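A.B. asks: Right, I'll just put the structure down here and ask away after.
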Amino acid sequence: MLKIGSLKSGGIISVNDEGIMREGTVVSVSHEENQALVDNGVQEFWYNPEEMFAVPLDDSQLLKLGFTREETGGGVKYKKDSFRLVTPKNGDFSNIEMWWREDRRNFDTPLGVHELQNLYLDMTKAHLDKL
């Protein structure tokens, strides 16, 4: 279940579409109705928070978002322009360090793709969309 307040237009989430889990993109958010309009790949439909879930951030999702992958001595560095994200070499995406210019942030809990998109927008003032 996702909180409506954490969703922004363009956010990539997963929705329960009548028992079928689909990845979709947030089109619009209605705080008054506590729903989000999501393009689930088949149609645009309004979903309640209990029908929406985070897409776990992982290697494949970062590559779909246009990051390049580079092995380093102690981990894996993902790069997109001047934005950097580092994870341990063991693929543990619950321990992330990210930075853009002088803004550095560390996370010790798993992030969803929509959360990374929100952080990227906050740090760079640019949207992060799938290629």
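A.B. asks: Listed residues 15, 26, 38; which is touching a residue at least 60 places away in the same chain (Cβ under 8 Å), of a type outside the set (D, E, K, R), in contact with a strand residue (DSSP E or B) (Cβ under 8 Å, 6 or more places away or on another chain) and part of a strand (DSSP E or B)?
C.D. replies: 26
A.B. asks: Among the numbered criteria (1) more than 23 Å from residue 125 (Cα to Cα); (2) surrounded by 11 or more Cβ atoms within 10 Å (Cβ to Cβ); (3) out of contact with any Lys or Arg (no Cβ under 6 Å at 6 or more places or on another chain), which one does residue 41 miss?
C.D. replies: (3)
A.B. asks: Could you list, ordered by first residue, the pairs with Cβ atoms under 7 Å in which the first is in the stretch 80-95 and in the same structural domain as residue 118 (by TED's automatic domain parsing) and in contact (Cβ under 8 Å) with a residue 12 or more places away in the chain and the second is small (Gly, Ala, Ser) and surrounded by 16 or more Cβ atoms within 10 Å (Cβ to Cβ), at least 6 apart or interchain?
C.D. replies: So the pair list comes out as 86/75; 87/75; 88/75; 89/75.
A.B. asks: Only one of these is under 16 Å from residue 11 (Cα atoms) and surrounded by 18 or more Cβ atoms within 10 Å (Cβ to Cβ): 86, 76, 113. Name it.
C.D. replies: 113
A.B. asks: Looking only at the stretch 10-21, filter to residues that are farther than 15 Å from residue 49 by Cβ and at pLDDT 95 or above; which one of those is farthest from the chain's Cα centre (by Cα)?
C.D. replies: So the residue we want is 21.
A.B. asks: I've got another one for you. Pairs, please: C-beta under 8 Å, at least 6 apart or cross-chain, first residue over 14 Å from residue 78 (Cβ atoms) and in the stretch 96-108, second among the polar types (S, T, N, Q) and surrounded by 12 or more Cβ atoms within 10 Å (Cβ to Cβ)?
C.D. replies: Pairs found: 108/94; 108/95.
The values are calculated or read from the model by the stated rules, or taken from the named source; none is laboratory data. Bear in mind the structure is a predicted one, so any value in this text is a computation, not a measurement. No Cβ is skipped: glycine too gets one built from the backbone with ideal geometry, and neighbour counts run over all protein chains shown.
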